[in-house]
Amino acid sequence: MSTVKKMWPNEPDWLQKKRQLAQVLGGRFPKIDQQEKWLPWQTAPSQTTGWLDHQGNYVAQPLATAVNTYSELLQENLMEKAVRWQDNQLFAAHLSRIDAGQFIYVPDNCALPVPIRLAPQGIAANPHNVIIVGANSQVTIEETMRLKSAQPLFAATELLLGAGARVVYRRADELRAPAIYSAVHAYQARGAQLLTRLVVANEGDVTLSLANFLDGAASTWDSSVLLQPGRYGRQAFHPVVDGYGAGSHASLTTYIDQLTSDQVKHDQFQTGSGEPLPVTGKTITKAKQDAGWQSADPWLNRYFDYAQVTNGDY
């Protein structure tokens, strides 16, 4: 078995072996449509700043640090329950090349009154965030990464919710690359509640994968997505949910500007395996001046008037 080059200087053996396994087995997994946009990746050093580092009522560390200090949690959860590396060739390749990212851990029975704000910037091709929220905890997380890459970029965030957790997750990343694959995948234990608000407003070729698994009774997911490809962009949106349990359900509202609707392709929101999970999907395609265009969410509404997220130098 060939050795995979370490992406970080102090990378632990377990991660090195996991990357190596992903590289060796990846070719046996299913292909995804148009994966040649991203594969093969070339190994290039990342240059990023602004990752959170906090110890206290919750833990936040750069992923390169956390793979050592929280190795047990990450061995069990990194690309195993939400973005699963065995699902396809692209995900396996991403695991073998993760070059930056954030680890956030909120322990059981912890209520955080102030949002955790994640806003790194720099150069990276395979950033990956792992957010673990313990049982009965409450937290709001706002992610606004500003990253660019000369080669195709795969940016993933995994949200793992314990039983009874309450999480609000907002994401409006500014990503620049020839092709972008943006993944937000979640796993919810019984009774967990997740509210996600996502803005995808990057020019260029963008694919958004939004997925969740509701594992057990009374687990709910409420998601809204604003798709704004700008004047020249193209976007593909793939939402899916799975799970089971009495009282569990999922809903998705997708907003698309009528002027750019022909630049957006999106799948119907449904279960991936045919589980009898109640699912509600609604797509609102309107001109910006029309009544009913904006959502009821104040944070999301901040982005409705922009043709695209403002891009500065970074």
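The values are calculated or read from the model by the stated rules, or taken from the named source; none is laboratory data. Computed from a prediction, not measured in an experiment: that's the story for all the values here. Using ideal geometry, Cβ is built from the backbone for each residue, glycine included, and neighbour counts are taken over all protein chains shown. Keep in mind that these areas ignore ligands, DNA and RNA; they rest on the heavy atoms of the full protein, side chains included. Shrake-Rupley method; radii C 1.70, N 1.55, O 1.52, S 1.80 Å.
Is there a residue in region 36-51 that is among the charged types (D, E, K, R), more than 24 Å from Phe213 (Cα to Cα) and part of a helix (DSSP H, G or I)? Don't jump to the end; show me each part of the working.
Initially, region 36-51 is screened for residues among the charged types (D, E, K, R), giving 36-37.
From what's left, more than 24 Å from Phe213 (Cα to Cα): 36-37.
Cutting the leftovers down to part of a helix (DSSP H, G or I) gives us 36-37.
Within region 36-51, one or more residues are among the charged types (D, E, K, R), more than 24 Å from Phe213 (Cα to Cα) and part of a helix (DSSP H, G or I).
Answer yes or no as to whether Tyr232 is at pLDDT below 85, open to solvent by 30 Å² or more (accessible area, probe 1.4 Å), within 30 Å of Thr49 (Cβ to Cβ) and out of contact with any strand residue (DSSP E or B) (no Cβ under 7 Å at 6 or more places or on another chain). I'd like the intermediate steps shown before the answer.
Values: at pLDDT below 85: no; open to solvent by 30 Å² or more (accessible area, probe 1.4 Å): yes; within 30 Å of Thr49 (Cβ to Cβ): yes; out of contact with any strand residue (DSSP E or B) (no Cβ under 7 Å at 6 or more places or on another chain): yes.
Taking the combined requirement at face value, the residue does not satisfy it.
Show the residue pairs that are 6+ apart or on different chains and have beta-carbon atoms under 9 Å apart, the first residue being within region 91-113 and within 25 Å of Asn136 (Cα to Cα) and buried (at least 24 other Cβ atoms within 10 Å of the Cβ), the second being among the charged types (D, E, K, R) and modelled with pLDDT of 95 or more.
Close Cβ pairs satisfying both conditions: Gln102/Glu143.
Which of the residues that make up region 224-269 are among the hydroxyl-bearing types (Ser, Thr, Tyr) and within 24 Å of Val83 (Cβ to Cβ)?
Answer for region 224-269, where residues must be among the hydroxyl-bearing types (Ser, Thr, Tyr) and within 24 Å of Val83 (Cβ to Cβ): Ser224, Tyr244, Ser248, Ser251, Thr253, Thr254.
Looking at Phe237, Phe213, can you tell me which residue is more than 24 Å from Trp38 (Cα to Cα), crowded, with 21+ Cβ neighbours inside 10 Å and either in contact with a Gly (Cβ under 7 Å, 6 or more places away or on another chain) or not hydroxyl-bearing (Ser, Thr, Tyr) (or both)?
Phe213
Strands (runs of 3 or more DSSP E) wholly in region 97-211 with at least 1 residues that are of a type in the set (A, V, I, L, M, F, W, C) and within 16 Å of the chain's Cα centre (by Cα) - which ones?
Counting at least 1 such residues, we get 102-106, 116-118, 128-133, 138-143, 146-148, 153-161, 166-171, 174-176, 180-188, 193-200.
Is it the case that region 131-153 has a residue that's among the β-branched types (Val, Ile, Thr) and within 19 Å of Val206 (Cα to Cα)?
Let us first name the residues in region 131-153 that are among the β-branched types (Val, Ile, Thr), namely 131-133, 139-141, 144.
From what's left, within 19 Å of Val206 (Cα to Cα): 144.
Yes, some residue in region 131-153 is among the β-branched types (Val, Ile, Thr) and within 19 Å of Val206 (Cα to Cα).
Within region 147-198, which residues are open to solvent by 10 Å² or more (accessible area, probe 1.4 Å), of a type in the set (A, V, I, L, M) and over 19 Å from Leu74 (Cβ atoms)?
Ala150, Ala163, Val168, Ala177, Leu195, listed by residue number.
For region 252-270, what are the residues that are part of a loop (DSSP other than H, G, I, E, B), open to solvent by less than 100 Å² (accessible area, probe 1.4 Å) and not aromatic (Phe, Trp, Tyr)?
Asp267
Residue by residue, here is whether (1) modelled with pLDDT of 95 or more; (2) touching a His at 6+ places or on another chain (Cβ under 9 Å); (3) more than 30 Å from Glu36 (Cα to Cα) holds:
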residue: Ala82; (1), (2), (3): yes, yes, no
residue: Ala100; (1), (2), (3): yes, yes, no
residue: Ala111; (1), (2), (3): yes, no, yes
residue: Ile116; (1), (2), (3): yes, yes, yes
residue: Ser137; (1), (2), (3): yes, no, yes
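Do any residues in region 136-150 that are closer than 18 Å to Ala163 by Cα have Cβ atoms under 6 Å from those of residues that are hydrophobic (A, V, I, L, M, F, W, C) and in a loop (DSSP other than H, G, I, E, B), where the two are at least six apart or on different chains, and which pairs are they?
Ser137/Cys110; Ser137/Ala165; Val139/Leu112
Search region 279-290 for residues being open to solvent by less than 80 Å² (accessible area, probe 1.4 Å) and under 23 Å from the mean Cα position of the chain (by Cα), and hand back the single one that is nearest to Arg302 (Cα to Cα).
Restricting attention to region 279-290, the residues satisfying the condition of being open to solvent by less than 80 Å² (accessible area, probe 1.4 Å) are 279, 281, 283-288, 290.
Restricting the remaining residues to those that are under 23 Å from the mean Cα position of the chain (by Cα) gives 279, 281, 283-284.
Values: Val279: 27, Gly281: 23, Thr283: 19, Ile284: 17 Å.
Taking the candidates together, the pick is Ile284.
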